[in-house]
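Taken together, the values in this text are just the output of simple stated rules run on the coordinates, not laboratory data. Computed from a predicted model, the values in this text were never measured in an experiment. Heads up, the Cβs are rebuilt from the backbone with ideal geometry, glycines too, and the neighbour counts pull from every protein chain shown.
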Amino acid sequence: MRKFTAALMLVLMLCTAALADDDVIKIGVFNCLTGQNAFGGQLELEGTQLAHSLNPEILGKKVELIIVDNKSDKVEAANAVTRLIENDKVNAIIGTYGSSLAMAGGEVAEKAGVPVIGTSCTNPLVTQDKKFYFRVCFIDPFQGAGAATYAFRNLGLKRAATLVDMSNDYSVGLGKFFRDSYKKMGGQIVASLFYQSGDTDFTAQLTALIDAKPDIVFLPAYFAEGAIVLKQAKELGADFKFIGADAMDNPEIVTLGGDAVEGFMHTTFAYDPSMPEMNETAKAFTEEWNKIHPDKAPNVNCALGYDCYIMLKDAIERAGSAEPAKIRDALETTKDLPTVTGMTTINATHDAEKDMGIVEIRGGKKTFVGIVVPEV
Amino acid sequence: MKSVRNLILTIIFVILFAVFLEKAPEFLNGYWQRILNLIAINAILALSLNLIYGITGMFSLGHAGFMAIGAYVSALLVLSPAQKSAMWILEDIYPFLLNVNAPFVVSLILAGLAAAFFGLLVALPVLRLGGDYLGIATLGFAEIIRILITNMAPLTNGSLGLKGIPAYTTLFMSWGCLGIVLLCTVCMLKSNFGGVLRAVRDDEVAAKMMGINTFKIKVLAFTLGCFGGGLGGALMGNLITTIDPKMFMITQTYNILMIIVVGGLGSVTGSIIGSFLVTTMLEWLRFVENPITIFNINIPGIPGMRMVIFSLLLIMVIIFRREGIMGMREFSWDIFFPKRKIKDFESKTETVLELQDVKLKFGGLSAIENLNMKIRHWEIVGLIGPNGAGKTSAFNVISGFYKPTSGTIKFLGKSIGGLSPDKVCQAGMSRTFQNIRLFGNETVLQNVMIGSRIRQKYHWWMSLLPFVFTDVIKEDAEVRAQAMNLLDQLGLDAFADEKASSLPYGAQRRLEIARALATKPRFLLLDEPAAGMNPQESEELMKFIRRLRDEFDLTILLIEHDMKVVMNVCDYIHVLDQGVHIAEGTPEEIKSNPKVIEAYLGAGASEGSAA
C-alpha cells in the first residue's frame, strides 16, 4: 500500500512538472461536475470543451483547459478557484453554474486579480462590486421582466400568478422581478405562492392557483420540479398557461413531463437548435455539437459554456496578451460580440446584455418562438 | 515531573507552531493557506460535535443548523451598512439591522453564544428523548433553522444569501480559535466534569444512581457543543466570504460526522487527525480527476472519481479500525518516552492503614470508642464482633462515609480522617457493601466500567493546567480494556454482556469486588463477603480472597460473621464489642482470648454459626 501511494505521488509530480510551460495559455474551468447541480455543470463544461477543441490556439499559443469540480459546494468552489489561481497559475477562469458557487469563487479571484466569466450564474449579487467577475448570461431581473413583458404585451394576458421555490435564490429573484415588472405594465398579480426544493406534491399550491383564476402562471423552477408541477396541474384540470425561465431549458423536460408540458413556454437565451435563423457562430456550434453528441441536442447551458470561451478568446486577442489584468480590461469593453446566444455586450455591471428568446413546447418538441425585449 | 516535562513540550510545540503560522505565507501559497484554515475550522466543528456525540453520547444531527446561526450572526455583525443596503434587493432589510456592527472577535463570541442559546432552547425539550429520537429531532431542528433563514428575508436576505463578508479568518484567527477550543475541551475532559460526561455516555442509569443529574449534564454538554458549532460556522463564513442557507444542509453535518467517526468517537486527538485527513485528502485526491498520462496511455479525467476513492478509503478505515483511527485514545507526549514503572512498596511490612484513638459519636451515643488499629501491607485482617459492635461504623469511618469525632486515620502515610469517600477512593481504597449494590439493569462489563469512573474525580483546579496531569487521561482510555481484563481475572468474562442481576449470587459478590477493583485500590474493605453463601460458596470465597490479595497486591480488611471464613482466611483479627476495641491478635490468639469468648463467642456462639 505504501509503495502504491509513493508511486501515485511520483506520477502526480511528473504530471505537474510536465505542465510547467510558458508558451501555454491556461484557462481554468470550475463547474459543478458532481453534486446536485451536476446536470447543468456537465453540459456547460462540454460546451466549453467543444469551443476549446475548435479553437485550440489563441494568439498562436496553445490553450490548456484545467478543469476542477466544485461538487456544487460553496467551500469546494472557493477551494477550486484558489487551486486554479495558486497552483495552476491560470490566466483566466470560466465558471460556474449556480450563483452561490460563483460568489464563493468570485471573492478569491477578485483578491488575486484573475478574471472570471460566469456561465449561468444569474443572481445580481455575483458581479456586484466586482472588478474581475463577468458573465455571459443575463441576470434575474432582466429575465423576470422578459417573461412579464412576453406575457403582458405579446400574449395580452392581464392576470398573472407566480409559483416560486422559496429556497432557491434564482427562483425567488425571478419571481420578484416578474411581479414588479408585470404590475408596472398594468397587469394584475392574483396570487403569489411558494414551495421548497425537493417538494413532490404541489396539489395545495395548484388548487389555490385554480381558485385565483390567473391567465398565466410564472414558474421559475428547475426542470425536474417544473415538470412535476406541470403534470400535476394537468391532472387537476388547470386551464391557465405556464411560463418558466431558462432553468426549464433542458432536453429532459419533455421526457419527464410527457404531454403535460405541451404548450409550456419559457424564456431563455436567444439560442435553440430549433431556431429558424441562426447566426454564423450558432450554426457552427450546432453543427459541431451534433457531430460529437449525435444523440444529445444542445441546450443553452452548452451554448453558454461555449460562449464563455469565445468571449475569453476575443478579449485575449483584443488585449494582445494573456496577462490577467489585460484580459480583464478587454473583457470590460466587449461589445456586439457574435456568440451562440446572440450578440453579447458587457454592461457597466459586468453582465451580458443580449436578446432574450422564447421557447414553447409544441408537439413534444422545443420550438423557438421568437425574441422579446424586456421592459425593465 | 512527567507532567512538567509534558507541559514544557506542549509550550515548545505551540511556540513552534505559531512561528510556522507566522512564516506560512512565505512558503505556502494561498491555496495551502486556505486548506490550513479549513483544517482548523473543521477541527473546531469536529471537536464540538464530538463533545456532544462522541463524549456525552447524544446522537445529534443538528450541527449544520448551529453553524448557520453562527455564520449569519457573525456576518450580519461584520458587514458594513453600505454592503447591507446594497445586498437586500428583494426585500428591505430591517432598519435596526443596517447599523448593527461589531468587531470580528466580538462577532465570533456572539455567534457562539447565539448558537449556544438556540442549542439550549432545543436541548431543554429534546434531550428528554434519547438515542435515535434525538437524532431525528435535531435533524428536524437544523432543517427548521435553514427554512427560517430562507424565509426571513428582511433579516437574512433569504435564499440570495450574503456576500462580501470581510475575509477576517486568517491563519492566526482560525488556529487561535482552535487552540482555545482545544485547550478548553482538553481541560474540561480531564476534569471531574469530563469524567461525568463520559459516565453519562457509558451508562446514564448508573450515572444517575451515582448522584449525577444526567439531564443537566447533557444540556450543558449540548449547549457547549453548540457554541463550538456557531463559532465554526462564523469562521467558515468569514473564510468563504459568502453564505447562503443551502450551505448548511444535512450534508454539512455528515461531513463533520465523518471526521469524528474516522478520527475516533470520543477522542479529541482523533477529531484533529480526522479533520486533517478529510480536508487534505479531498483536495489532494483532485489529481485523479485530471487527465493522466502514464506510459503514453491517456486516462481521461472522470469527475467524481475522487469521491469514489475517498469513500473507499473511508470504508477501509472503518473495516480495519472500527473505532476510528484513534478509537477513544488520546495523544500524549508519553508515547515518546519509555514507560517508567510505578515504584513498588518499599517493604512488605509497610503500614497501610493506621487508626489512632478514633472515636465516632452520634449525638450522645458513642458508636466507636478509642479504636487503634495498624494494618500492614499484604495482610488480610478480620474485624469481628457481635451485631451492633460498631464494625460497619468503623468501615464507614475508614472509607470516608462518616467523619471521625476525634482521632487520626492514616492511609499510606497520609491522614485521610474526614476526607469524603471519593477522595478516600482516589487515595487507593475501595469497598464493597453488606447488601450487594450492583447496577442490576446494566451488564457486568458496564458495572465494572462505572467502578472505574469514580477514579476520575479530580480537583477542579487541576483542569486549569492542561497537559500537566496527563496521567489522569491515560487511564481513562484504557478503562474498557482494563474492565475486561478484570472480569477475565475474576472468571466473570463469560458473563460480560449479561445483565448483572441475572448472575448467580456468588458471582454477584465477585462482580461487586471486581467493580471495587476497577478503581485500582491498594486497600480493599469487604463488608460481609460471605453473607448468604452456602458452605461450598464460602469455601470458594476463601480461596478467592487469598487469590485477590496475591494477584492484585492488595491489603484486605473484612467484616465477617462466618467464623470459619474469618479464622481460615485472616492473618490478624480485631474484635469490637459495643464500640470498644476489646482484643486483637492472630486467629489462634483470638480463639483463646477470654475477653472475646466472654463478649462474643461465649455469649453468641449460635449467632456465629447462624450467619
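Before moving on, here are some points about what is shown:
- Total charge dipole magnitude, the range A:55-119, about the Cα centre, Cβ charges on Lys, Arg, Asp, Glu only, Debye to nearest 20: 100 debye
- Whether the range B:11-67 is rounded, prolate or oblate, judged on the alpha carbon gyration tensor where a/c under 1.5 counts as rounded: oblate
- Backbone geometry of the range B:586-592 corresponds, through the Karplus equation with coefficients 6.51, -1.76 and 1.60 at θ = phi - 60°, to 3J(HN,Hα) couplings of 6, x, 5, 5, 5, 4, 9 Hz, x marking Gly and Pro.
- Rounded Å value of the spacing that divides the Cα centres of the range A:128-166 and the range B:208-284: 40 Å
- Listed by chain and number, the lysines whose C-alpha is less than 17 Å from the C-alpha of residue B:543, apart from same-chain residues fewer than 8 away, are B:564.
- If only the Cβ of Lys and Arg carry +1 and only the Cβ of Asp and Glu carry -1, the dipole of the range A:162-219 around its Cα centre is close to 340 debye.
- D (Stokes-Einstein, µm²/s), Kirkwood Cα radius, the protein assembly as shown, 0.692 mPa s at 37 °C: 99 µm²/s
- Total formal charge among the other residues, if their Cβ is under 12 angstrom from that of residue A:268, Lys/Arg +1 and Asp/Glu -1: -3
- Extension gain, residue B:302 back to residue B:501 (0.36 nm per residue minus Cα-Cα distance, nm): 65.8 nm
- For q = 0.06, 0.07 Å⁻¹, Debye-computed log10 I/I(0) when each Cα of chain B counts as one equal scatterer: -0.44, -0.57
- Overall form of the range A:209-275 per C-alpha gyration tensor (a/c, 1.5; a/b vs b/c): prolate
- Pairs exceeding a 30 Å alpha-carbon distance, out of A:283/A:313; A:26/B:163; A:213/B:246; B:410/B:499; A:89/A:366; B:218/B:403: A:213/B:246; B:410/B:499; A:89/A:366; B:218/B:403.
- Pairwise label distance in nanometres, residue B:59 with residue B:24, each label 7 Å out on the Cα-Cβ vector: 3.6 nm
- Diffusion constant of the range B:2-335 at 4 °C, which comes from Stokes-Einstein with the Kirkwood Cα-pair radius and 1.567 mPa s, µm²/s: 62 µm²/s
- Over chain B, Cα pairs under 8 Å with separation of 6+ residues give a relative contact order of 16 percent.
- Equivalent ellipsoid, chain A (semi-axes from 5 times Cα gyration tensor eigenvalues, Å): 38, 22, 19
- Spacing of the two label points (7 Å from each Cα toward its C-beta) at residue A:333 and residue B:293, in nm: 3.8 nm
- Cβ-defined net charge surrounding residue B:559, 12 Å radius [Lys, Arg +1; Asp, Glu -1]: -2
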